Amino acid sequence: MSSIKFDVCVSGSGAVAMSLALALSREGWSVAWAKSPQVTPTGSHDIRTYALNARSIALLERLRVWPALKQWASPVLEMDIHGDQSGALNFSAWQQKVGELAWIVDAGALERLLGQALEFAPRVEVVPPVTEKGPSVLADLLAVCEGKQSTTRAALGVEFTRHDYGHWGVAARLRATEPHHGVARQWFRSPDILALLPFNDPDPLSSYGLVWSVPKARAEQLLALNPQDFERALNEAIQQSDADVAARVGRLSLTSEVAGWPLALARATRWAGAGWVLVGDAAHQVHPLSGQGLNLGLADVDTLVTVLTDSRQQEPWRLPGDERTLQRYVRQRQWPTQTMQGLTDGLLKLFADEHGPVKDLRNLGMSVVQRLGPVKQWLVNRALDAS
Ligand SMILES: Cc1cc2nc3c(=O)[nH]c(=O)nc-3n(C[C@H](O)[C@H](O)[C@H](O)COP(=O)(O)OP(=O)(O)OC[C@H]3O[C@@H](n4cnc5c(N)ncnc54)[C@H](O)[C@@H]3O)c2cc1C
């Protein structure tokens, strides 16, 4: 082991680990980045598009990654949410008096640009991955950003309670025959949830990112289809949901392969201890119907760096791994994360119920929320800034 001591060892290779390493470096902390050896600055090939909220974009702006990423991003100007009967909700940037409701970004481009920024970041050294014996370097704090399957979290003895939804998120890139006009659409089809996120690649005005949450058996069928049959199944699903909206979307065709992710609600029972902290999906996992998993992880990054940096100014005798300091981070992050997990889980349960009266009520509920200004505003605020 080298005798150099770092302030923080960041373990992980995804967007959360890279954002944390960059943000710490910008605040003057020395960082050992323990990433997987196969991760290169070209970024992993990920067909997902992420909906990022205003707080995430502000963080990426401060990290100076946003100007380049913006070329790969599309603004969401309107959001249409459809129930499985007549219920509908609509939000618009114009009504909310904001420039956009969210930005849709390319997952691969985000990781690639973060990786490139890290190559030039001062005080950041790439070190071998953390093993069961711990980090290969000395560091006051070990920040575990290894995603939901973190082995370091397990080695620390932290339990990860996991509720498997039995659903998979099927994702792909699409092109439509009609322009999207910046409208994101989501259909609660019970048991499916289908989302089309307006994107600008390959066609600037008529591309989408697809996230289609379906029961595992249906996901396996969809993933086994050839491209033409997949396109047919997708177009039929939208047509069955609402023929008028389907006409506005136009015919959808694939511009990428199709991939699937198992979906779960999960939470670590402890988020920090003396000398270690969990960040991002290593601490919590949420269903992608809310498009908030990475937003929560980036809000963790923002909060952790602020807490550490404030503590350095106000209590300079405390090291970054001081448990009292880390508990401030935990206190600030647990409530918003649990609120978002509860909201998403509640919606899923509501739309999983096949009973006629429940179906009627949930669709009526959507229409009532559409007319109730304060409730709708609360929901929009949560979506705009899941902090
Ligand atoms: C279909 C789908 C759509 C989604 N859409 C959205 C969306 O629109 N908006 C949104 O905010 N979120 C979305 N999410 C959630 C988002 O993908 C995750 O919340 C986010 O990727 C979590 O980032 P992370 O860096 O914490 O974890 P990960 O992305 O899982 O990254 C962790 C990385 O660390 C690596 N690693 C593991 N162990 C080690 C180790 N010991 N050493 C080094 N590296 C290690 C892993 O291989 C991985 O590369 C979506 C998720 C899915 C499945």
One finds the C-alpha centres of region 111-177 and region 253-267 to be spaced, in Å, by 18
Inter-site label distance for Gln116 and Trp317 at 7 Å from Cα along Cβ, in nm | 4.7
Using the Cβ atoms and a cut-off under 10 Å, what net charge is assigned to the surroundings of Ser206, where Lys and Arg are +1 and Asp and Glu are -1?
-> -1
For region 178-282, state which GluC sites (Glu not before Pro) are in a DSSP loop and have at most 13 other beta carbons lying within 10 Å of their beta carbon.
-> Glu257
Under a point-charge model restricted to the Cβ atoms of Lys and Arg (+1) and Asp and Glu (-1), what is the dipole moment magnitude of the chain relative to its Cα centre, in debye to the nearest 20?
-> 680
Modelled label reach - Arg162, point 7 Å along Cα→Cβ, region 249-263 residues with backbone N closer than 16 Å = 261-263
Most positive-pole-ward Cα, His82, Pro135, Val16, against dipole of the chain from beta carbon charges | Pro135
Can you pull out the chymotrypsin sites (Phe, Trp or Tyr not before Pro) in region 92-130 that DSSP calls coil and that have at most 10 other Cβ atoms within 10 Å?
-> Phe120
Show the residues, 5+ positions off or on another chain, whose built amide H is closer than 5 Å to the amide H of Ala264.
-> Tyr165
Alpha-carbon centroids, region 56-103 and region 290-305: separation in whole Å = 16
Inter-label distance for Thr339 and Arg270, nm, one decimal - labels placed 7 Å from Cα along Cα-to-Cβ = 2.7
If r is the Cβ-Cβ distance from Ala224 to Ala88 and R0 is 41 Å, what FRET efficiency results, to the nearest 0.05?
-> 0.80
May I ask you to give the solvent-accessible area per residue for the chain, in square angstrom, as obtained with a 1.4 angstrom probe?
-> 44
First measure r as the distance between the Cβ atoms of His181 and Leu254, then evaluate 1/(1 + (r/R0)^6) with R0 = 22 Å and state the FRET efficiency to the nearest 0.05.
-> 0.55
Using the per-residue mean of other Cβ atoms lying within 10 Å as a proxy for protection, in what order, highest first, do the peptides 270-276, 156-162 fall?
-> 270-276, 156-162
The ³J(HN,Hα) series, computed from each phi in region 128-140 with the Karplus coefficients 6.51, -1.76 and 1.60 at θ = phi - 60°, rounded to the nearest Hz and given as x for glycine or proline, is x, x, 5, 10, 4, 7, x, x, 7, 10, 7, 8, 5
Taking amide hydrogens as modeled 1.01 Å from N in the peptide plane, which residues meet the under 5 Å criterion relative to Glu27, leaving out close sequence neighbours?
-> none
Here, Lys133 and Glu236, labelled 7 Å along Cα→Cβ, have an inter-label distance in nm of 5.7
When the accessible area of the chain is split by element with a 1.4 Å probe, what percent falls to carbon and sulfur?
-> 55
Once phi for every residue in region 159-174 is put through the Karplus expression 6.51 cos²θ - 1.76 cosθ + 1.60 (θ = phi - 60°), the whole-Hz ³J(HN,Hα) values, with Gly and Pro written as x, are 7, 10, 7, 9, 10, 7, 6, x, 10, 10, x, 9, 10, 6, 9, 10
For Ser256, enumerate residues with amide H under 5 Å from its amide H, sequence gap 5+ or separate chain, H modeled in the peptide plane.
-> Arg173
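The values are calculated or read from the model by the stated rules, or taken from the named source; none is laboratory data. All figures in this text were calculated on a predicted structure; none of them were measured in a lab. Counting neighbours? That spans all protein chains shown, and the Cβs are built from the backbone with ideal geometry, glycine included. Ligands, DNA and RNA are stripped out before the accessible areas are found, and what is left, the full protein with its side chains, is counted by its heavy atoms. Shrake-Rupley method; radii C 1.70, N 1.55, O 1.52, S 1.80 Å.
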